């Protein structure tokens, strides 16, 4: 099925099942602690040959793909630090900064 996002168990839930402490790494996009729901973002899209993934909030993941086409992600925004400097992402990060880790809101395509 095209365009479907694989969702894996949240890192907190997976760690609890394995008897370990939850990971302490924050979301590389927004810098907030990860919640119970996590999605895996390919830093370079799979369609462009990427293999490296990072655990991110679902809302951060959807916003990245709503604002930036895959070709631009692969060419210009493969690093989280550079991705955060994108004007649309910077605006999103300022907005999401005070929200809880499992916050969810509908994501609209960029204009």
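Here is a yes/no grid of residues against (1) more than 24 Å from residue 46 (Cα to Cα); (2) surrounded by fewer than 16 Cβ atoms within 10 Å (Cβ to Cβ):
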residue: 69; (1), (2): no, yes
residue: 78; (1), (2): no, no
residue: 96; (1), (2): yes, no
residue: 107; (1), (2): no, no
Members of the stretch 42-52 that are closer than 20 Å to residue 92 by Cβ and in contact with a strand residue (DSSP E or B) (Cβ under 8 Å, 6 or more places away or on another chain) = 42, 43
Where residues in the stretch 35-51 are out of contact with any helix residue (DSSP H, G or I) (no Cβ under 6 Å at 6 or more places or on another chain), in contact (Cβ under 8 Å) with a residue 24 or more places away in the chain and assigned to a loop (DSSP other than H, G, I, E, B), which of them is surrounded by the most Cβ atoms within 10 Å (Cβ to Cβ)?
-> 35
Only one of 55, 105 that is more than 13 Å from the chain's Cα centre (by Cα) and either more than 19 Å from residue 37 (Cβ to Cβ) or in contact (Cβ under 8 Å) with a residue 40 or more places away in the chain (or both) | 105
Being in contact with a strand residue (DSSP E or B) (Cβ under 6 Å, 6 or more places away or on another chain), modelled with pLDDT of 95 or more and not in a helix (DSSP H, G or I) is the filter here, so list the residues in the stretch 61-111 that pass it.
-> none
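The values are calculated or read from the model by the stated rules, or taken from the named source; none is laboratory data. If you're wondering where the values come from, they're calculated on a predicted model, not measured in any experiment. Ideal geometry is used to build each Cβ from the backbone, glycine not excepted, and the neighbour counts take in all protein chains shown.
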